[in-house]
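The values are calculated or read from the model by the stated rules, or taken from the named source; none is laboratory data. Predicted model only: the values in this text are computed from it and were never measured. Note that we place each Cβ from the backbone using ideal geometry, even for glycine, and neighbour counts take in every protein chain shown.
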Amino acid sequence: MLKSSIYINGIGAVSPQGVGSGNVFSNSINAPQYEHGFISCIEPNYTDYITPNNIRRMSKLIKTSIVASKLALKDSTTEKPDAIITGTGMGCMEDTEKFLKGIVNDEGSPSSPTAFIHSTHNTISSQVAIALNCTGYNSTYVHRAASFESALADGIIQLQEKDSDTNNILVGGVDEITSTIYDITKKLNFWKKDNKENIPLYTSKTKGAISGEGMVYFSLSNKLAKESYAQISAVKILQKASSDTIADILYDFIKNNGLKVADIDLVVLGNNGDVRYDYYYKEIAKQFEENKITYFKELCGEYFTSSSFGLAFAATKLKSNRGKFRKAILYNQFHGMNHCFYLLSNVEV
Amino acid sequence: MDNLILDLKKDIVEQLNLQNIKPEDIKEHEPLFIEGLGLDSIDALELILLLQKKYGIKINSAEEGKEVFYSVKTMADFIKANKK
Amino acid sequence: MRRVFVTGIGITSSIGFNVKESYGSLCTLHSGIGAIKLLDTKLKDKLPAGEVPATDTQLKERLNIKDKKTYSRTSLLALLAAKEAIDSAKIVPSEEQSPIGLINSTSVGGMDKGEVFYKNYINGESHNSLKNALVYDCGNSTECVADYIGLTGFTSTISTACSSSANAILYATKLIKSGMHEQMVAGGADALALYTINGFNSLMILSDEHCKPYDKQRKGLNLGEGAAYLVLESEEALMKSGKKPLAEIAGYGNACDAYHQTASSAEGLGAGIAMRKALATAGLEAKDISYINVHGTGTLNNDLSEGNAIAELFGTSVPPFSSTKPYTGHTLAAAGAIEAVFSILSLQNQVIFPNLNFKEQMPELDMAPVTTLKQGERLNHILSNSFGFGGNNTSLLFSAC
């Protein structure tokens with residue numbers, strides 16, 4: 001249980017479902033179209049958010065992260081955050097590949113400084129800070145499928161510090177997919193061999209997931225706002241867990257927050273259709289009535305920070321069901337690791 | 001010299017990925033940095049790279065680059081004087 | 001607020017494979033920077049670096065690793081330092097005691113293997129090289145350390161360029177203060193890679209001579225590689241064990257310059273905010289600082305920017321300061337933790353390590369670093385700065401116990 005309340009007051013997203021705030025998640029529909037085997041984001045008109053002089057150098061991941069962060073701030077009517085914390089599983093792969101290509105072909109010869117500097121993991125959070133002129137706390141977590149949760153945990157600790165003047169924090173989960181990374185991770189058996197569109201993902205009996213990408217920022221606060229989406233009541237992160245004990249872990253998580261299973265009205269699960277690992281979700285799903293359960297990965301695909309999409313999805317559902325949904329659980333894991341449980345509460349405004 | 005100036009303008013637009021600027025929009029005596037086009041230190045490094053890769057001229061430090069890259073004209077003069 | 005103490009330290013760098021060797025090098029003014037011998041780069045004869053004098057195979061031998069798994073060089077450096085830290089804290093992780101967390105950090109992770117994979121990949125020969133791709137990402141070295149040491153608590157990886165491991169220490173400290181854990185391991189590692197040396201070369205901030213931080217004639221930085229970890233414990237955990245701490249993490253500050261991706265603002269805005277936050281969280285004033293282990297990379301930009309920030313904060317009473325990067329090179333993500341270990345050694349032994357290679361004061365600043373091994377004045381509180389690309393600035397404040 002968190003020491004004090006943490007509210008999701010704003011959401012900003014660039015995703016395969018579109019660009020915007022809560023509307024992106026409440027209007028989300030069936031599996032989007034995808035080419036080349038992976039689901040790509042719908043991109044905004046960047047010049048609405050960034051000057052042409054700045055856009056020229058930026059990769060998709062940097063541009064979209066800046067857009068998402070600005071949308072989150074606008075959604076929460078916060079002028080400037082006190083801190084910016086970003087989680088990314090792989091970082092800027094487009095620029096990493098650009099730089100690598102240069103040095104693999106001609107090591108030791110002059111190479112592009114732009115690609116190098118834009119490939120550093122922390123450039124995303126830094127460039128968001130430059131775009132927002134924010135000199136507050138700034139950090140970047142790169143820890144696979146717990147990257148977003150790590151950033152979130154950091155943000156929560158800061159918002160809960162006594163006598164601190166930190167009241168509004170931007171926390172983001174961002175990852176991009178490129179053709180090369182898709183190809184390499186396909187060789188590592190991350191993805192389905194067969195890329196049939198609109199396959200029934202959640203009942204899939206084959207290995208691998210569908211690859212995706214997304215950039216979601218949250219404007220979090222320790223103060224409730226009129227347009228708050230939901231309250232984050234608890235977060236639990238486990239590096240490893242066995243499927244034998246995952247249901248017990250869930251029970252303890254719910255019990256330690258003073259609740260019973262029946263108190264949970266909405267369950268959002270991160271099933272990605274990978275038959276090798278989706279049994280974790282099955283164990284969790286067994287504990288709830290079927291009509292309470294919903295999924296999100298068909299909407300955004302699988303990527304290391306996809307739980308940020310899941311959180312926005314869950315929070316938006318709570319907001320549009322005030323009075324009906326009181327409590328929600330979100331659970332996500334990747335390849336049997338980085339298990340993340342969220343308890344969300346609806347808010348009274 | 002005119003061809004070199006034109007080539008340089010095209011190179012600058014391409015290498016620096018300038019948006020909404022055509023080569024002919026760049027005036028040859030106009031400052032490239034801070035004022036004028038408003039380029040920055042990363043652009044200076046990209047121009048150093050351009051000079052080395054396309055014209056075979058090495059600039060040893062960012063400071064040396066400052067004078068060379070004042071304008072398209074100073075770049076062209078430098079290339080003419082140093083091209084092997 | 002709970003107090004957090006350091007009970008163990010571990011370090012591997014070009015000046016030593018452990019704390020004892022490193023301390024010996026620091027006291028005998030022995031630098032680890034020299035010609036690159038192991039990394040097969042065309043830049044090896046041009047650019048000196050602080051390379052750890054051991055091949056990956058030799059590192060594995062030191063670790064007694066006999067399995068056939070692929071380890072990135074970053075992971076191997078991390079394992080050596082993390083093992084020393086946990087041993088020196090006299091902790092044996094087990095199921096009986098509460099889980100210990102790990103906040104690791106790295107800037108390029110397993111890029112030393114990733115770039116090998118990528119070359120195979122674009123030549124259409126990736127099939128036998130996939131094991132290299134699997135160790136590429138930042139989280140991999142964290143997993144390796146957690147598994148090797150047996151750490152089962154909250155685990156994460158930070159990557160904020162040159163301030164990474166300082167931020168790891170900061171975050172781990174906060175996690176203990178928040179009550180989430182009683183004990184944490186925090187630090188970072190980075191190995192030299194073609195990516196890094198070519199990358200920094202593209203920014204034209206590498207010096208072809210040994211670096212001279214804060215010197216008028218400085219030409220840039222030397223890269224280095226290494227790893228360092230601290231074991232942090234709450235006051236309550238210490239009271240239970242009766243252990244004597246090495247130092248206290250008394251203060252910390254993180255701020256963003258929000259100025260430019262590669263350059264710090266001339267006045268060092270973010271640096272100043274970070275140092276002020278460190279003082280404020282420690283409940284101390286500028287005059288209480290005994291010594292600053294500066295970021296001092298030897299680049300034109302950093303030393304001026306950091307120097308201005310120090311001058312602004314300390315006025316006419318700038319405490320003794322030095323950069324230890326002429327010893328180790330700039331170890332990127334590992335720098336914050338390596339210099340934390342050096343700061344703790346300073347407190348433990350009441351000695352200031354000199355800023356090697358310094359000859360001529362910068363005309364813009366009214367201060368010069370310590371240039372000889374200095375003992376005599378009481379060291380109570382040390383500020384250690386780590387400032388990264390993109391303006392990720394962090395200052396840590398260590399106090400003597």
Any residue at all in region C:239-249 that is under 20 Å from residue C:168 (Cβ atoms) and touching a Lys or Arg at 6+ places or on another chain (Cβ under 8 Å)? yes
Sort out which residues of region C:63-107 are among the acidic types (Asp, Glu) and surrounded by fewer than 18 Cβ atoms within 10 Å (Cβ to Cβ), and write them in order of number. C:67, C:87, C:95, C:96
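Could you say which residue among C:133, C:54, C:81 is in a helix (DSSP H, G or I), small (Gly, Ala, Ser) and under 21 Å from the mean Cα position of the chain (by Cα)?
Numbers: C:133 fails: under 21 Å from the mean Cα position of the chain (by Cα); C:54 fails: in a helix (DSSP H, G or I).
Result of the check over C:133, C:54, C:81: C:81.
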Restricting the search to region C:377-393, which residues are within 14 Å of chain A (Cβ to nearest Cβ) and in contact with a strand residue (DSSP E or B) (Cβ under 9 Å, 6 or more places away or on another chain)? C:386, C:387, C:388, C:390, C:391, C:392, C:393
Scan region C:143-172 for residues that are assigned to a helix (DSSP H, G or I) and hydroxyl-bearing (Ser, Thr, Tyr) and jot them down. C:148, C:163, C:164, C:165, C:171
Looking only at region C:182-194, decide whether some residue is more than 18 Å from residue C:325 (Cβ to Cβ) and facing chain A (nearest Cβ under 7 Å). yes
Being more than 10 Å from chain C (Cβ to nearest Cβ) and not in a helix (DSSP H, G or I) is true for just one of A:64, A:135, A:120, A:78. Which residue is that? A:78
What is the one condition in (1) buried (at least 22 other Cβ atoms within 10 Å of the Cβ); (2) at pLDDT 95 or above; (3) outside any helix (DSSP H, G or I) that residue C:309 does not satisfy? (3)
Picked from region A:138-183 (must be closer than 25 Å to residue C:272 by Cβ and among the small types (Gly, Ala, Ser)), the residue nearest to the other protein chains (Cβ to nearest Cβ) is A:139
Being surrounded by fewer than 24 Cβ atoms within 10 Å (Cβ to Cβ), over 23 Å from residue A:10 (Cβ atoms) and more than 16 Å from the chain's Cα centre (by Cα) narrows A:291, A:321 down to just A:291
Any idea which of (1) of a type outside the set (Gly, Ala, Ser); (2) closer than 27 Å to residue A:126 by Cα; (3) part of a helix (DSSP H, G or I); (4) more than 9 Å from chain A (Cβ to nearest Cβ) is the one residue C:140 doesn't satisfy? (4)
